[in-house]
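Only one structure is covered here, and it is reproduced in the block below.
The values are calculated or read from the model by the stated rules, or taken from the named source; none is laboratory data. Please read these numbers as outputs of a predicted model, since none were measured by experiment. Don't worry about glycine lacking a Cβ; one is built from the backbone with ideal geometry, like all the others, and counts go over all protein chains shown. Keep in mind that these areas ignore ligands, DNA and RNA; they rest on the heavy atoms of the full protein, side chains included. Shrake-Rupley method; radii C 1.70, N 1.55, O 1.52, S 1.80 Å.
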2 protein chains.
Amino acid sequence: MNILSENTAFGGMQAVFSHDSEACNCEMTFAVFVPPQATERPCPVLWYLSGLTCTHANVMEKGEYRRMAAELGLIIVCPDTSPRGKDVPDSLTNWQLGQGAGFYVDATESPYALNYQMETYITKELPALIAGSFRADMDRQGIFGHSMGGHGAMTFALKYPGRYKSCSAFAPIVSPSTSPWAQGAFEKYLGTDPDVWRKHDACALVAAGARFPEFLIDQGTADGFLEEGLKPWLFEAAVKDTDIALTLRMHERYDHSYYFISTFMDDHLRWHAERV
Amino acid sequence: MNILSENTAFGGMQAVFSHDSEACNCEMTFAVFVPPQATERPCPVLWYLSGLTCTHANVMEKGEYRRMAAELGLIIVCPDTSPRGKDVPDSLTNWQLGQGAGFYVDATESPYALNYQMETYITKELPALIAGSFRADMDRQGIFGHSMGGHGAMTFALKYPGRYKSCSAFAPIVSPSTSPWAQGAFEKYLGTDPDVWRKHDACALVAAGARFPEFLIDQGTADGFLEEGLKPWLFEAAVKDTDIALTLRMHERYDHSYYFISTFMDDHLRWHAERV
């Protein structure tokens, strides 16, 4: 692990690291905020998965999570959204595919399969690295994210029962298998069989019987992607008549930006702190 | 005034505007956060002046001021740090001179004098624009800033008695006339007479009799610029045996970054809210 930066903030440490990823066959970068409490005891780990086009840096700079994370004693891990590098396949014409658009799946199709193993990276390789490098209480993990990262957080919560104690999302893509926003990438990463896509789709996973106790979703009504790719009402319908509790909050005038995310960041951090 | 962006945040509005500046003879850009209270009553105005290399955007994205500004009902104005544009003189070799490095002075020397009129812009032109465009209570203004912007805030507080009710700074350049960091720009903007430079130097202004009731200064001890260009102890010495109250807080492990600024932003906003 190479330290790329370390900055004291809110009594804790905001750091950025790079490392050679076995899963992704390239160098990966991630950010970690270590709260002041970690000098005294292991702290819960909260995973933040970012949206399309983002790196680890966007939420680190604009997410405004450190004050409350320092108060609540949460380690915040912010991974990149895809493998990176000149040798990593990319799409120069479609920002919803390739670098910055890993969609948190393990690709099976050439040429993406060699590097685009984001599910393995986020759920296996990086947790092992975090557990070995920080005073992290890995029995107390939560996961959240934004947009494509909300998709990642919700599907991982549903697919790995017991792993995460809490899950929330800002403006998540709840049904990528039916969203034109995501279908292009799913086809390139996973092939053309929609049954395979549905294994990476929060709505379809619930329909197939996957369960997680409760979700918090915040969504802005002025989000330009609401009708096109997000449609949280599909998840509301999916959990109806199940034992999954959903708190879906629609916020007038809020858009898809970090101004929206940062506004409700404190609520999400408290949600997780009460559950991990 | 052209609206470049508008994003709802913390119940208020974070907006970015451009306008043709008469003072600077070019198009200027600035950011304004309007708190939710402004729908009901005029709100105090707090000016944030940024440091070298910054635009209006750095503190807007990384400063984490909106939550507390919305709570306290403060309008936050974040101007650019210099005139901009292809026709505006610049230095390609010295980042402490030219675009991004206006030093909040009115240049008298060619070729800078035509555009580099940042003192007039910040203290006259932009306040008139703010007063005419927002529900701003211009009798309740405060000013603060970072590094070069801390210099700007402190010198304006000292030079315009009664204008600002409060002043604070993060890691300010308190004595630019004696700092190698600033002397190069001062010479290009103001000529070679150090007596002229001292009219834009917080320490020298105090020595010459300028007064402001009280200052709050936060400074990180791990700031790489501390010994080179900041030296807050010079201002501590300058106000000794005057009626100027100085709260100078040195923070172990903190550097010069926005991680430092955002950590203490709440304290500064409360400081101003109590005084404006």
Mean-square fluctuation check for chain A, GNM, Cα pairs under 10 Å: which of A:P161, A:P172, A:P127 is largest? A:P161
I'd like to know which of A:F235, A:Q141, A:A157 lies farthest towards the positive end of the charge dipole of the stretch A:2-275, counting +1 on Cβ of Lys and Arg and -1 on Cβ of Asp and Glu. A:Q141
May I ask you to evaluate 6.51 cos²θ - 1.76 cosθ + 1.60, the Karplus curve with θ = phi - 60°, for each residue of the stretch B:117-133 and list the ³J(HN,Hα) values in order in whole Hz, giving x for glycine and proline? 10, 6, 5, 5, 4, 6, 9, 10, 5, 5, x, 5, 5, 5, 4, x, 10
Work out which residues of the stretch A:232-276 lose at minimum 50 square angstrom of accessible surface when the other protein chains are put back, relative to the chain isolated, with a 1.4 angstrom probe, and list them by number. A:R253, A:Y254, A:Y259
Packing-ranked peptide list from B:142-153, A:46-57, highest mean Cβ count within 10 angstrom first, is B:142-153, A:46-57
Rounded to 5, the percent of DSSP beta bridges in the stretch A:2-275 classed as antiparallel: 45 percent
Only loop residues by DSSP count here, and only those with at most 14 other Cβ atoms within 10 Å; note down the trypsin sites (Lys or Arg not before Pro) in the stretch A:19-126 that meet that. A:K86
Give the interface area between chains A and B as buried accessible surface, both sides summed, probe 1.4 Å, in Å² to the nearest 100. 2100 Å²
Using unit Cβ charges (K, R positive; D, E negative) and no other charged atoms, how large, in debye to the nearest 20, is the dipole of the protein assembly as shown about its Cα centre? 800 debye
Counting Lys and Arg as +1 and Asp and Glu as -1, each charge on the Cβ, what is the dipole of the stretch B:125-199 about the Cα centre in debye, to the nearest 20? 180 debye
Got a sec? Charge dipole of the stretch A:2-275, +1 on Cβ for Lys and Arg, -1 for Asp and Glu; which of A:A204, A:P44, A:T8 is way out at the positive end? A:P44
Cα centroid separation, the stretch A:17-93 to the stretch B:110-159 (Å): 38 Å
Taking the stretch B:180-271, which trypsin sites (Lys or Arg not before Pro) meet the DSSP loop condition and have no more than 16 other C-beta atoms within 10 Å? B:R211, B:K240, B:R253
Quotient of Cα Rg and 2.2 N^0.38 Å for the stretch B:2-273, N being how many residues it contains: 0.93
At 7 angstrom along the Cα-to-beta-carbon line, where would the label on A:M250 sit relative to the other copies? Give the distances in nm, shortest first. 5.6
Straight-line reach from A:K159: which lysines have Cα under 25 Å away, leaving out those fewer than 8 places along the same chain? A:K124, A:K188, A:K199, A:K231, A:K240
For the stretch A:152-268, which whole percent of the accessible surface, found with a 1.4 angstrom probe, sits on carbon and sulfur atoms? 52 percent
Å² per residue, accessible surface of the protein assembly as shown at 1.4 Å: 36 Å²
CD proxy, 222 nm, chain B: helix-only mean residue ellipticity via -39,500 (n - 2.57) per DSSP H run with n ≥ 4, per residue, nearest 500, stands at -8000 deg cm²/dmol
Let me check something: with ligands and nucleic acids excluded, how do A:H268, B:H200 order by accessible area (1.4 Å probe), largest to smallest? B:H200, A:H268
